[in-house]
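Structure first, then comments.
Laboratory data are not the source of any read-out in this text; all were calculated from the coordinates shown. Given the structure is predicted, the values throughout are model-derived calculations rather than measurements. Counting neighbours? That spans all protein chains shown, and the Cβs are built from the backbone with ideal geometry, glycine included.
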Ligand code: NIG
Ligand code: FE
């Protein structure tokens, strides 16, 4: 058995308070657990992959007296937080869209660019032209940036293939990436990300249901690829509400959880539909209705907020305050993709606070325990609790809030990232 001790910390941000909460909503999102030391430091003990004890340096030293400790990490002057969980990313693609960024700054909208064949369509073409090796190198490099920015678990969507052989390739590469980088990966099947050229949304809906999801089931049954969720871009001019519902239900039937893009650029009734069919999560929701908020609160469907996307597209932010007050569990993601080029959850949290009016505590809860719950993994991840996986970040700062407050400075603040108890990133002095 491998035993690791982290000692001397100023604060340990447990996030959950009473232990074993699987997510936080309403006022509880603001009331996260933080252990502070007035005198002396705080310790956290890890055995193999798991957290086994949390307490003052003195108490932990007493409890483990005489026992062998393999690794010791000095966290003096530091705060320990759970690793961030990024609940929404599109990390596998080739090329970039910097030219479109310039167009958007000059006033073009996301849908105008998409209709001209740019946007997702452009990235699909670039991705097709890339070799497996190029795609894998790009993917692993992006995941590495995320890991170094404190993300220890990430949802990764396919979606720049659209049609079967291309989507299959992305699935295989996502699966392969697991052996190249020690970050947790939850795979979401997102063939319904856009409608390919020369196809209609109806033709693609049939193709995804009758061909792609059937082939996907085979792969899952053969244990070739571990896929968790099914996704659709439910949007005016992309997949309509009924097509989205059919695709999502077909995915659900083969055991995938529903986790999709909805009510982003236009109101489509995605929130109401998702709540009705038992979606675990719906992302974006900039245009959600009052009824949609109520439906998601009742169904406890997670709202995955992506503030970087609203910021880059200069669109109205989702009504996050109303969601939290109504009891919708809110999670957070970077949406890392060639449109919203970003990989740091600390930046998303800062934007969530400033632009979506979340408190620091709510943003952290959204980025940890609630994002984990939005991916169905909060029994093991997303908070610092005895028995949970030791996915941790150690930050050198006077109090934990600095990781959000010091906008873009996470590279200076994060000293160590641990995945399953092992140091996977250490900042050079
Ligand atoms: O979540 N809205 C659809 N999908 C992505 C954007 C992907 C892209 O533009 O390449 C999103 O914002
Ligand atoms: Fe997205």
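Here are the numbers:
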read-out: Relative contact order [Cα under 8 Å, 6+ residues apart], the chain, whole percent; value: 22 percent
read-out: Within a Gaussian network of the chain (alpha carbon springs, distance under 10 Å), most fluctuating of 37, 343, 270; value: 37
read-out: Region 1-64 shape via C-alpha gyration tensor axes, a/c threshold 1.5; value: oblate
read-out: Of every Cα-Cα pair in region 84-374, the percent that sits beyond 25 Å; value: 42 percent
read-out: Max mean-square fluctuation residue, GNM over the chain, Cα-Cα springs under 10 Å, options 331, 297, 102; value: 102
read-out: Alpha carbon centroid spacing (whole Å) that separates region 324-382 from region 122-199; value: 21 Å
read-out: Quarter of Cα convex hull surface for region 272-429, i.e. mean projection, nm²; value: 10.0 nm²
read-out: Relative compactness, region 304-394, computed as alpha-carbon Rg over 2.2 N^0.38 Å; value: 1.09
read-out: Whole-angstrom Cα spans of region 211-290 along principal axes, big to small; value: 42, 22, 17
read-out: Rough spin-label spacing in nm, given labels placed 7 Å along Cα→Cβ, for residue 27 and residue 164; value: 5.5 nm
read-out: Share, in percent, of DSSP beta bridges within the chain that are antiparallel, nearest 5; value: 50 percent
read-out: The chain: most fluctuating residue of 247, 413, 305 per GNM, C-alpha cutoff 10 Å; value: 413
read-out: Inter-label distance, nm, simple model (7 Å from Cα along the C-beta direction), residue 109/residue 126; value: 2.4 nm
read-out: Label-point gap, in nm, between residue 17 and residue 357 - each point 7 angstrom along Cα→Cβ; value: 2.3 nm
read-out: Using a Förster distance of 45 Å, the FRET efficiency for residue 116-residue 406 (Cβ separation, nearest 0.05); value: 0.70
